[in-house]
Structure formats: structure tokens, C-alpha cells
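Colleague: One structure, as C-alpha cells, below. Some questions next.
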Amino acid sequence: MNRRQAVGLLLGTTAAAAITAPSAAVAAEDPAKYPSQPIRVIVPFAPGGASDFAMRLLQPAMSQALGQQIVIENRAGAAGNVGMDVAARGAPDGYTVFFGNVGTVSINPTLYPDMTVKPDKAFVAVSVASETPSVYIANPKFPPNTVKELIDYAKARPGKVNFASPGSGSVDRLEMELFRKAAGLDMNHVPYKGGAGPAVADILGGHVELMSVTLPSAMPHIKSGRVKVMAITSRERNPSLADVPTVVELGYPDIVATSWQGFLVPAGTPRPIVDKLFQAIVKATADPKVKERMLEGGVTAVASDSPEQFKTFIDKETARWAVVIKESGAVAD
Amino acid sequence: MDVLSNLGLGFAVALDPLNLLYGFLGVLLGTAIGVLPGLGPVATISILLPVTFTLQPQSAIIMLAGIYYGAAYGGSTTAILVNLPGESSSVVTTLDGYQMARQGKAGLALATAALSSFMAGTIATFIIAFAAPTVAEFALDFGPADYCSLMVFGLVAAVILAHGSVIKAIGMILTGILLGTMGIDVNSSLPRFTFGVPQFGDGIDFAVIAMGIFGIGETITNLARGAEAREYVKNYRGLWPSPHDLKAIVRPALRGTGLGAALGILPGGGPVLASFSAYALEKKIAAEPDRFGRGAIEGVAAPEAANNAASQTAFIPLLTLGLPASPVMALMIGALMMHGLYAGPQLIAQKPELFWGLVASMWIGNLMLVVLNLPLVGMWAKLLTVPYRLLYPSILLICCIGVYSIRNDALDVIVASVFGLVGYVMTRLQCEPAPLLLGFILGPLIEENLRRALLISHGSPSVFFTRPISLTFLILTAIVVAILVLPVIRSGRARVFAEETN
Amino acid sequence: MRLRVSTDLVTGLLFLALGLFAIAYGWTYPLGTPARIGPGYFPLLIASGLALLGLVLVVRGLVAPGERIGAIAARPLVFVLAGTFLFGLLVERAGFILAAVLVVVLARLADRDFRPVEVAILAVVLVSFIGALFWLGLSLPLHPLPTW
């Protein structure tokens with residue numbers, strides 16, 4: 001999706017996406033009164049994507065917790081960098097919030113060294129909001145049925161097993177690289193583009209053997225039996241895939257990985273405001289309705305223990321993926 | 001029988017007054033925004049997507065589908081009237097549609113587009129109703145090597161589009177492909193030909209190039225023509241299709257529908273490839289191919305039918321397998337997800353009223369499009385009687401602001417101006433823009449699938465010849481090349497002989 | 001023999017120049033291996049093809065009689081492009097109204113038949129209509145007035 005959508009439609013039917021007014025004028029507001037006006041949350045991907053999905057489910061509960069309207073602004077483009085740039089330039093007053101994810105915040109800085117925003121400098125972390133595990137799926141005709149069989153199979157055919165991914169620097173690809181390295185395998189990476197769809201299609205068609213993909217993209221095909229599942233990358237088993245072993249059970253605790261989304265605010269945002277937002281996120285992610293809707297989609301709603309913990313988490317993620325990106329050659333040097 | 005009772009259920013859902021209203025609203029909004037250059041179906045749908053989150057799932061998907069084909073249809077209106085293709089699949093419509101408009105037959109061209117689209121829509125609806133699962137399996141058989149060969153075939157067929165020099169047409173295709181390589185490379189994250197400009201990371205938007213060449217470039221060309229030649233409508237005639245015209249439309253529209261329906265289920269360039277190849281086919285089988293590019297009615301009927309059929313069959317992989325064949329379909333998946341629904345094989349069984357309601361609403365939506373647009377044909381055609389000196393500043397201004405609206409980036413307007421210059425120079429050099437745009441759209445798909453096919457085969461090019469689908473397209477490509485090259489060699493020899501005897 | 005400046009010759013030169021430029025600019029892009037084609041391979045292939053085609057056209061333009069290029073319509077070219085170009089430069093800082101008026105006025109200057117009153121009316125009508133459509137109707141984030 002390379003079209004940035006800052007255009008909201010005001011045709012009398014709705015005013016939902018219409019508020020784009022920057023709120024720099026109230027920068028000096030007393031934090032105790034926060035929030036006294038609508039808060040805009042910038043989602044750096046188009047409507048309908050995973051980030052947009054999570055944010056729209058959180059929106060009502062967060063609005064309620066803050067007692068203020070939340071306006072979602074989708075600013076897609078350049079792998080999320082466009083929206084991140086817009087958010088970074090917002091006033092540090094708590095009225096501009098960035099809904100980042102593992103890609104924009106922890107992968108892009110290594111993948112695109114020339115990008116103008118440095119997320120670790122430009123933002124203050126507030127809290128994670130959702131986590132999505134990935135599953136290793138394969139075409140049913142692919143001989144190995146388990147991770148153990150896969151390892152034996154791939155070891156016997158170095159460089160011959162093909163794995164797909166939704167993109168060179170996608171978290172799905174990097175997760176597979178993590179596994180490949182941990183198991184000492186030589187497998188061949190085949191990148192796709194345009195989301196998980198085209199890559200999954202080629203798994204279904206039997207053109208590529210396997211891939212790691214976020215659970216929501218794989219779920220319908222798992223249920224219809226068009227793909228088989230070998231493992232899930234979460235720490236614990238997933239209730240809707242109770243018989244699928246986790247990577248921890250398989251003996252690879254270090255490759256636990258999720259695709260996550262979380263809230264950040266421009267650097268310089270006062271601490272009391274960060275705390276208020278944090279409390280609202282904790283409340284919203286604990287809301288049973290939010291939890292249930294997310295779980296239906298294979299997504300877990302969670303909040304960090306504290307903004308500091310989220311910051312530490314991001315730093316760890318960034319460092320971890322940087323190593324994988326450089327080793328796998330996902331970025332041109 | 002089963003299908004019929006399901007269709008009955010579908011019509012019951014689609015004819016629900018509320019759903020009818022949302023379907024109509026979708027078609028109306030889609031057409032209105034589609035007429036404006038710049039914002040295509042993807043942009044329109046993503047703007048309106050959040051609005052549909054508050055509706056019932058059936059109503060939401062019916063409205064979104066309405067926006068989708070409304071926008072696709074609106075795009076051809078501007079293509080015919082002012083030579084501005086609103087989106088990639090209406091580029092071909094400019095070739096003859098605009099020429100018809102210049103000859104005073106804008107009404108006929110618009111009516112042809114509406115009727116062909118409706119015909120294609122009706123047939124495509126039946127294909128979806130009766131054959132969706134079978135057809136979807138076929139789409140899965142297409143691997144990267146097959147796509148690559150298909151796209152190469154499409155490009156070679158594009159040469160037929162040109163009515164001038166074949167060498168220049170090939171050059172324009174290559175130029176288009178080269179333009180398409182701009183941006184960050186998918187496989188290596190390396191920025192290619194971005195000249196250090198961050199905005200070029202996603203490449204140049206199709207609409208920027210199309211509006212530069214067609215909107216700005218064409219205006220300069222027109223102005224250079226002198227006052228007499230530039231008035232659009234010299235004599236105003238043929239508002240409605242005569243029985244004779246209708247007869248001329250039916251067969252091309254049917255052929256276009258067939259091609260479009262088949263290509264629509266394939267991801268990537270579906271509707272674009274469909275409209276181009278339908279045009280190329282008509283030109284190839286026509287008794288007098290010279291009429292094409294000069295206002296041939298088949299040149300509007302076939303591609304319009306093809307792109308409408310394709311945009312409808314694009315729903316098949318989405319609904320039956322949960323696989324999006326295009327960015328619009330990916331948005332649809334997101335829309336369903338917001339309603340807690342997951343596109344895929346289970347959806348038809350779990351929510352028959354949604355699937356069949358959508359199928360029925362497609363046909364109703366197409367009917368609405370015709371009902372909505374036929375009365376407007378006269379009004380649109382009248383627009384062209386406005387003196388050119390008042391019309392062209394409007395076109396330029398709409399182009400500027402339309403380009404700006406794509407992603408609120410002023411740089412895009414400057415890039416479009418550069419393509420305006422390119423467009424004018426091209427006209428003077430008798431190079432045609434359609435092959436360039438097709439190269440621009442298909443080039444990246446060829447590269448992507450070529451690289452992917454070779455990655456999968458571990459560097460062995462034999463995949464292109466051992467896979468039956470791929471081999472078929474390569475053989476077809478060879479045949480088209482032979483058809484194109486032989487007359488050139490013959491006439492070249494004739495010329496050499498002629499010069500020798502001189 | 002006098003050089004004929006035919007469309008073939010000029011097109012050929014342009015293709016050749018574009019092809020060579022792309023080859024030179026993309027020279028550092030890795031070519032990769034047959035199994036792992038690099039980002040430089042495809043552009044190099046296409047650019048070489050384009051340059052070669054350009055060469056063919058240049059030769060053909062030199063040896064075979066072709067259609068000559070007519071005069072360049074400098075006036076529409078300069079004014080129309082100046083209008084759209086300035087729109088791009090100014091729309092964000094000088095505001096939409098000024099930029100749009102410039103497009104309309106410069107566009108009309110491209111034509112010798114310039115009628116000041118008509119142009120003024122046209123500018124007002126067009127700018128208010130299109131401004132309303134895109135700004136109010138589509139709520140495009142446009143600044144109507146200068147922001148400096």
C-alpha cells in the first residue's frame with residue numbers, strides 16, 4: 001500500500017476521520033487537565049491492516065478510559081516510515097500519539113539506515129498494546145510434518161528448502177531466520193510483497209514449501225486444512241490451536257517472537273501525560289470485550305508493566321532484529 | 001438448484017431496503033470520487049472503510065463493493081471525456097474513447113462503456129455464483145514462473161496497441177519498465193533510482209505519470225494545434241447507441257468479458273492486463289485494424305467489459321480462499337476482520353447470507369451503475385461543448401490538485417509537470433503513451449516474479465519451459481512476436497529493394 | 001549530405017541517453033547470481049535494451065528518410081508547465097488559493113487569446129468550486145491561505 005491516506009471524507013454521513021488539526025497551540029497546557037481535547041492516534045498503515053485492526057478495537061475502550069475522543073489517522077507509506085515521521089513531528093503535548101509496531105520501531109531503523117526519524121530518539125515509549133504470535137505453516141504435500149522432521153529434511157538438502165515471507169525485512173522473515181540459525185539450517189528465502197496474502201497463496205498452491213506467518217493470516221487456511229502447522233512462536237500454546245507445540249517446547253526458547261503493536265509519544269511529552277495514557281492503555285487492554293475480539297483474530301491484548309519496561313523491551317527487540325537483519329543480508333550494505 | 005436457492009437467499013439480502021440503500025450509496029460515492037482524477041478505488045475505499053465499521057457486515061461489504069466498481073466505472077468517464085485515465089485499467093479506454101469524444105460521439109462512447117460494463121458484470125456475477133470454487137483452484141496453480149511468462153506475453157501483446165512504429169512502441173515499454181524499477185527494491189531493501197529523494201522510496205504513483213502525460217502533456221499538444229483544431233466537439237451527434245452500434249458492441253464486449261473474467265482471478269495486474277489484452281485482441285482480429293486509435297467503438301466496448309469483469313472475478317480468490325488478488329481485496333479482508341469475520345473457505349458455509357448477498361448485490365450494483373450513469377451521459381457530453389479556452393484551465397487545475405491529493409505531497413505535482421513535458425515531447429516524436437504505462441505497471445511484476453521463480457528453482461531457468469502454464473504463454477509470446485516481426489522484415493526488404501531499384 | 005532531424009533520430013537519441021544514464025547510475029547495484037538475482041540485474045537488462053533500441057533508431061534516422069519534427073510550441077509549453085510547476089512549489093507555503101489562481105492565469109496566458117475579464121471570472125469560479133470540492137467535500141488538508 002503506497003498511498004498515504006490523510007484524506008478523510010466528510011459527506012455528512014460521518015466526521016470520524018475528519019479531524020486533522022495539529023494541536024501545537026495547547027503545548028503549555030497544565031498536564032493535570034489532560035486530556036481536554038480529542039487525541040489523534042497516528043496509525044502508520046492503511047485501514048484494514050493489522051495495526052489498524054488492533055487500534056480500532058482499542059479505540060472505544062481507550063476513549064472511555066481517558067474521557068476524551070480518540071481520532072485515528074491512517075498515514076501509510078514507505079513501510080510505515082511516513083506515519084512515523086508525521087507522528088515524530090507532532091507536538092509533545094499528548095495529543096499526538098503514535099501507534100507503532102515491531103516493523104516501524106524496531107526493524108526499520110536497521111533496514112533503512114537513511115531514514116530521517118530515529119524512533120529511539122524521537123519518541124517516548126508508553127506501552128505495548130497487542131501481540132500476535134506467528135506459526136510455521138507448510139503445504140500439506142511437503143514431506144516433514146513436525147519441526148524435528150523439518151530439521152532432518154532440510155539438513156539433508158542444504159539450501160534446497162524454500163521458505164516464503166511477506167517481505168525481505170518483515171518480521172515473519174526474520175523469525176524464520178532466527179529459527180534457521182538456531183537449528184543450524186541452510187534454507188532458501190523467497191520474499192513476496194503486498195502483505196502476507198501472495199506468499200500464503202503460493203504456499204497453498206505448493207510453489208513454496210513453508211513460511212512463518214502471523215496467526216491471523218494463517219488461521220482460515222489452517223482451519224480449512226489447506227496448510228499444516230508445525231509450531232507457534234509464542235511462549236504458551238494458543239487456545240485455538242491447542243495441539244500445536246510452541247518453539248519453547250521444541251527446545252528453542254530464544255526464538256520466541258511476536259509481532260507487536262504499541263503506543264509511543266513524541267519525545268518531550270511530560271511524564272504525567274505519559275502516565276495517564278499508560279493507565280488508559282492498561283484499562284483498555286484488560287477490557288474483556290477488547291480481549292475477546294482480539295483473540296478471535298489470533299491477537300493478544302496486553303499492556304507493559306510500565307513505560308520503562310516497554311522502553312527496555314523495544315531496545316531489546318531493536319538490538320535483536322538488527323543482528324538478524326545484518327546476518328541474513330536483508331539489508332544491502 | 002442449490003445455486004438457485006442460494007441466489008434466492010442472496011437477492012433477499014441484497015434487496016433488503018437498507019442494503020439497497022448502502023449499495024446505492026457506495027456506487028454513488030464511488031462514481032463521484034472515481035470521476036475525480038487522482039483518487040482511485042484503493043484510496044476511495046480506504047477513506048470510506050472506517051465508515052462501514054459501524055454497519056452490519058453484509059451492508060458494509062455491499063457498500064464497499066459498490067464503491068469499488070463505482071470508482072472503477074467513474075475512472076472511464078474522465079478517460080473518455082478529457083483523456084484522463086482515472087486509474088490504470090482505464091488507460092486503454094482513452095485510446096478510442098477520447099477519439100470518439102473528439103468526434104462528437106462522447107455520449108455514444110459513455111453509453112458503450114456503461115452497457116459493456118453491465119453486460120460483463122452480469123456474466124461475471126453468474127461465473128462467481130456457479131463456478132467460484134473451481135475457478136479459484138485454477139488461480140492457485142499459477143506459480144511465479146507462470147506469472148512471469150503471462151506478463152511477458154502481456155507486454156508483447158502491448159506492442160499491438162501502438163498504431164505507429166513498432167520500435168518506438170518497444171522503446172516506450174522499456175522506458176515504462178525502467179520507470180517502474182524506481183523505489184526501494186523488495187528483495188534487498190536497496191533504493192534504486194531514487195536520487196536521494198525519500199518520497200521516491202515507494203516509486204512514482206501511476207496516477208502522477210498518467211495525469212502528467214495525459215492531462216498536462218495533452219493540454220500542451222492541444223494548445224499547440226491552433227484555435228480551430230482544438231475545439232473538442234465539431235459536430236455533435238450520436239448520443240445514444242443505434243441498433244447498429246449495439247450490434248457492434250456485443251461481440252467485443254463478450255470477448256472482453258471472457259478475457260477479463262479469466263485474468264481477474266489472478267493476483268497483480270488483473271484488470272489492467274485484462275483491458276489491455278482485450279483491446280489488443282480486438283485490434284488483431286478486426287477487419288480494419290487502422291480504425292483503432294481513431295475512435296473505434298470496439299476499442300471502448302472490449303476493454304471496458306474486460307476490466308469490469310476482472311474487477312468482479314477478483315472477488316473469487318478472496319471469497320473462496322481468503323486470498324486477496326489486489327490491494328482493494330486486501331482492504332476487503334480487513335473490513336471483514338473488523339466485523340469479526342475471516343475471509344476463507346469457511347465463510348461461504350458459515351455466512352451464506354454474506355457471500356450470496358454480495359454476489360446478488362454485485363449484479364444489482366451494476367444495474368444501479370447503468371441506471372445512475374445513462375441519464376448522466378447527456379450531461380457529461382454537454383460538458384464538452386464548453387469552449388476549450390474555459391475547459392483546459394479546469395483540467396489543469398483538477399490535475400494539479402488531484403495529483404496533490406494522492407498523498408498530500410507537493411513533489412508529486414512537480415513530478416507530474418515533468419511528465420507533462422515528457423508527454424508533449426512524446427507526442428511530437430510520435431511515441432505513444434499507452435505502451436509506456438503498461439510497461440510501468442507490468443515491469444515490476446515481471447521482475448518480481450522472475451526473481452522469485454529463479455529463487456524457487458535455485459537458478460534453473462528451465463522452470464519457464466517445464467511448467468505447462470508458463471510454456472503455453474511463452475509459445476503464445478513467440479507467436480505474437482512472429483506476427484509482429486514478419487511484416488516488418490518483409491516491408492524492410494521491400495524498402496531495401498525499392499531503394500536498390502531506384 | 002545534410003542531416004535530417006527526423007523523429008526517429010531524436011527519439012533514438014533520447015532512448016540512448018536514458019538507457020546509458022540508467023546503466024551508469026545503476027552501475028553499483030549488485031547483479032547477483034542466477035539463483036539470487038540482484039537489484040541491478042533487471043534495470044541493467046532493460047536499460048541496455050533501451051540503449052540498443054535507441055542506437056537502431058539513430059541509425060535508421062540517419063539513413064532512412066523519416067518524418068521531420070515540426071516547430072516546438074514554446075508558448076503553451078512554457079506557460080502550462082510554469083503553472084503546474086509553480087502550483088507544486090507554492091501550494092504548501094503560499095496556500096491553495098494563490099497557487100490555483102496561478103495555474104488558471106498562466107494556463108490562459110499559454111493561449112494568445114487572453115481575455116482579462118473572462119480569465120478573472122474563470123479563476124474565481126474555478127478556484128472556489130474546486131477548492132470547495134476538495135477542501136470541504138473531501139476534507140483534503142489544504143491550506144487556503146499563505147502559511148509563512
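The values are calculated or read from the model by the stated rules, or taken from the named source; none is laboratory data. This is a predicted model, so every value here is computed, not measured. Here the Cβ positions follow ideal geometry from the backbone for every residue, glycine too, while neighbour counts run over all protein chains shown. To get the accessible areas, we keep the full protein, side chains included, count just its heavy atoms, and leave off ligands, DNA and RNA. Shrake-Rupley method; radii C 1.70, N 1.55, O 1.52, S 1.80 Å.
Colleague: Just give the residues from segment C:76-91 buried by at least 40 square angstrom of accessible area in the all-chains context relative to the isolated chain, probe 1.4 Å, and say none if nothing qualifies.
Modeller: Those residues are C:Pro76, C:Leu77, C:Val80, C:Leu81, C:Thr84, C:Phe85, C:Phe87, C:Gly88.
Colleague: Which positions within segment A:55-72 get 30 Å² or more of their accessible surface covered by the other protein chains, compared to the chain by itself, with a 1.4 angstrom probe?
Modeller: A:Arg56
Colleague: Tell me, which residues of segment A:141-169 get at least 20 Å² less accessible area when the other protein chains come in, versus the chain alone (1.4 Å probe)?
Modeller: SASA drop of 20 Å² or more in segment A:141-169: A:Lys160, A:Asn162, A:Ser168.
Colleague: Here is a further query. Only four residue types carry charge here, +1 at the Cβ of Lys and Arg and -1 at the Cβ of Asp and Glu. Report the dipole size of the protein assembly as shown about the Cα centre in Debye, rounded to the nearest 20. It would help to have the intermediate numbers written out before the result.
Modeller: Details: 69 positive and 64 negative charges, 336 e Å.
That gives the protein assembly as shown a dipole magnitude of about 1620 debye.
Colleague: Mind checking which helices in chain B clear 24 Å along their axis (Cα) and have mean Kyte-Doolittle hydropathy of 1.0 or more, DSSP H runs only? Intermediate values should be presented prior to the final figure.
Modeller: Working: long enough: B:17-35 (27 Å, 1.66); B:57-82 (38 Å, 1.04); B:106-140 (41 Å, 1.64); B:144-161 (26 Å, 1.86); B:243-264 (30 Å, 0.27); B:352-383 (45 Å, 1.30); B:388-407 (30 Å, 1.29); B:410-428 (28 Å, 1.57); B:433-456 (35 Å, 1.05); B:468-501 (49 Å, 1.40).
The answer, listed by residue number, is B:17-35, B:57-82, B:106-140, B:144-161, B:352-383, B:388-407, B:410-428, B:433-456, B:468-501.
Colleague: Please identify which residues in segment A:125-157 have an amide N closer than 11 Å to a label point set 7 Å out from the Cα of A:Asp186, following the Cα→Cβ vector.
Modeller: A:155-157
Colleague: On to the next question. For B:Asn187, what is the net charge nearby, where nearby means another residue's Cβ is under 10 Å from its Cβ and Lys, Arg count +1, Asp, Glu -1?
Modeller: +1
Colleague: Just round it to a whole percent: the fraction of Cα-Cα distances in the protein assembly as shown exceeding 37 Å. Write down the numbers at each step before the final one.
Modeller: Working: 231667 of 482653 pairs.
Counting pairs separated by more than 37 Å, the tail of P(r) holds 48 percent.
Colleague: Determine the shielding of peptide B:188-200 by partner chains: average, over its residues, the number of Cβ atoms on other chains within 10 angstrom of each Cβ. Write out the running numbers ahead of the final one.
Modeller: Details: counts 15, 16, 10, 5, 8, 6, 1, 1, 1, 0, 8, 3, 1.
Per residue, the average neighbour count from other chains is 6.
Colleague: When a/c is below 1.5 the answer is rounded, else prolate if a/b is larger than b/c, else oblate, so apply that to segment C:74-137 with a ≥ b ≥ c taken from the square roots of the Cα gyration tensor eigenvalues.
Modeller: It is oblate, given that a/c is not under 1.5 and a/b is not larger than b/c.
Colleague: Please compute the net charge surrounding B:Arg428, taking Lys and Arg as +1 and Asp and Glu as -1 over other residues with Cβ under 14 Å from its Cβ.
Modeller: -1
Colleague: Continuing with the same structure: What number, in nm² with one decimal, is the all-direction average of the projected area of the convex hull of the alpha-carbon atoms of segment B:352-437? Mind showing how you got there, number by number?
Modeller: Details: hull surface 38.5 nm².
Here the figure is 9.6 nm², rounded to one decimal.
Colleague: Follow-up question, since we're still on this one. What's the center-to-center distance, using Cα atoms, between segment A:74-106 and segment B:103-143 in Å?
Modeller: Using only Cα atoms, the two centres lie 40 Å from each other.
Colleague: A follow-up question, please. Between B:Leu4 and A:Ile151, what is the label-point separation in nm under the 7 Å Cα-to-beta-carbon projection?
Modeller: With each label placed 7 Å out from Cα toward Cβ, I get 6.0 nm.
Colleague: Which percent of the accessible heavy-atom area of the protein assembly as shown goes to carbon and sulfur, probe 1.4 angstrom?
Modeller: On the protein assembly as shown, the fraction of accessible area on carbon and sulfur atoms equals 66 percent.
Colleague: Now for a different question. Within 10 Å, count the other beta carbons around each residue, average over each peptide in B:145-152, B:362-369, B:280-287, and list them highest first.
Modeller: Top to bottom by mean Cβ count within 10 Å: B:145-152, B:362-369, B:280-287.
Colleague: Also, I was wondering about something else. If you take the accessible area of B alone, add that of C alone, and subtract the area of the pair, what total do you get in Å², probe 1.4 Å, to the nearest 100? Provide the component values of the computation, followed by the final result.
Modeller: Numbers: alone 21010 and 10760 Å², together 26090 Å².
Between B and C, the summed buried area is about 5700 Å².
Colleague: May I have the extent of the alpha carbons of chain A along their three principal axes, as whole Å values ordered from largest to smallest?
Modeller: 65, 42, 39
Colleague: Gap in Å between the Cα centre of segment B:1-72 and the Cα centre of segment B:248-264?
Modeller: If you average the Cα positions of each part, the centres end up 24 Å apart.
Colleague: At a probe radius of 1.4 Å, figure out the A/B buried accessible area, summed over both chains, and give it in Å² to the nearest 100.
Modeller: About 4600 Å² of accessible surface is lost on pairing.
Colleague: Here's a follow-up. Pull out a ≥ b ≥ c, the square roots of the eigenvalues of the alpha-carbon gyration tensor of chain B, then state rounded if a/c is under 1.5, prolate if not and a/b is larger than b/c, and oblate in the remaining case.
Modeller: Rounded.
Colleague: Indicate the gyration tensor shape class of segment B:136-228 (rounded, prolate or oblate), computed on the Cα atoms with a ≥ b ≥ c the square roots of the eigenvalues: a/c under 1.5 is rounded; otherwise a/b larger than b/c is prolate and the rest oblate.
Modeller: Details: a/c = 2.39, a/b = 1.33, b/c = 1.80.
Oblate.
Colleague: Rolling a 1.4 angstrom probe over the protein heavy atoms, how many square angstrom per residue are accessible across the protein assembly as shown?
Modeller: Working: 36000 Å² over 983 residues.
Spelled out: the 1.4 Å probe surface of the protein assembly as shown, per residue, equals 37 Å².
Colleague: Same structure, new question: Could you tell me which residue out of B:Phe200, B:Pro393, B:Ala139 lies farthest along the dipole of the protein assembly as shown toward its positive end? Charges go on the beta carbon: Lys and Arg +1, Asp and Glu -1, centred on the Cα centre.
Modeller: Result: B:Pro393, furthest along the dipole toward the positive end.
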